[in-house]
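So the structure is just underneath, and the comments pick up after that.
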Amino acid sequence: MTAPVRSVIVTGAGTGIGRATARALLDAGFGVTLAGRRTGPLEEAAAATGDDSSRHPAALVVPCDVTVPEQVDALVAAHVERFGRLDVLVNNAGVPGPAADIGELRPDDWAEVVAVNLTGAVLCAGAAFRQMVAQRPSGGRIIDNGSIAAHSPRPKSVAYTTTKHAIAGLSKSIELDGRPYGISCTQLDVGNARTELLDGFVGEGALQPDGRRLVEPTMDVAIVAGLIAQLASLPAEASVPQLTATAAGMPFVGRG
């Protein structure tokens, strides 16, 4: 197969924002490597559209645990072997963590959230960065899924919120250190995109700072996927260091 003009790795591609993003990128003509822990959901996300249930011709499925350095390196190597270079990483894999304040947070729960949301993001960004530096021409784009929790927490979300605040520092450091190599980075902060995870989280009312539960506005996850596809399509001369997209009317500005 002739390599597409641009190619992308999407982590956490089997469900939610990652799945919708992988589909949007395939529809936009990108070569896409779908990465995640479970092969089944990845294959479903990579299926060709219409009556053909086979894999999309521009899709590569690579099962990967983003917390394991060797698997992350193998993911990037498999992508480059298939597509020749890596133009964009959508650093999306993450877990919500427990509903707990700092006094309730258990050390093993904290370690799990940090391993996926922070260490996994660092490992994936690092492997992508090295490839983008080494390839010719050098350069590329990394899109980190930050969440609006990087700006404002929900009640009892200390583990998730802390890791997402850390993603803000990661994204800024990538943007700065990537400058000599033509590598840019976007911190994408999303609020209330409709996914399976959000349905369970806010479907019957999300906990508010005053103790009430509120059914909050949501938006189609396809809107977020479209924004990511637009970011991935930008020319190298353009950088978007931070982008926030929320459902209209959700309690974020003035939260609490």
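Summarised in one figure, the compactness ratio Rg/Rh of region 7-246, Cα atoms and Kirkwood Rh, is 0.96.
Fully extending the segment from Asp210 to Ala134 would add 22.2 nm, taking 0.36 nm per residue of separation and subtracting the current Cα-Cα distance.
Taking Cα atoms only, the orientation of helix 158-177 departs from the longest principal axis of the chain by about 40 degrees. Residue by residue, region 214-222 carries 3J(HN,Hα) couplings of 10, 6, 8, x, 10, 10, 4, 4, 4 Hz when phi is fed to the Karplus relation 6.51 cos²θ - 1.76 cosθ + 1.60 (θ = phi - 60°); x denotes Gly or Pro.
Mean separation of Cα pairs under 8 Å and 6 or more residues apart, divided by the residue count, gives the chain a relative contact order of 18 percent. Give me the angle, in degrees from 0 to 90, between the Cα long axis of helix 16-27 and the longest principal axis of the Cα atoms of the chain, rounded to the nearest 10. Helix 16-27 sits roughly 30 degrees off the main axis of the chain. For the options Glu175, Glu104, Glu237, a Gaussian network treatment of the chain with springs between C-alpha atoms closer than 10 Å singles out Glu237 as fluctuating the most.
Report summary: the helix-based calculation at 222 nm, which adds -39500 (n - 2.57) for every DSSP H run with n ≥ 4 and divides by the residues of the chain, gives -11500 deg cm²/dmol. For the pair Ser152 and Asp109 in one chain, pulling the backbone fully straight at 0.36 nm per residue adds 13.4 nm over the alpha carbon distance.
Values in this text are rule-based calculations from the coordinates and carry no lab data. Not measured: the values here are computed from a predicted model.
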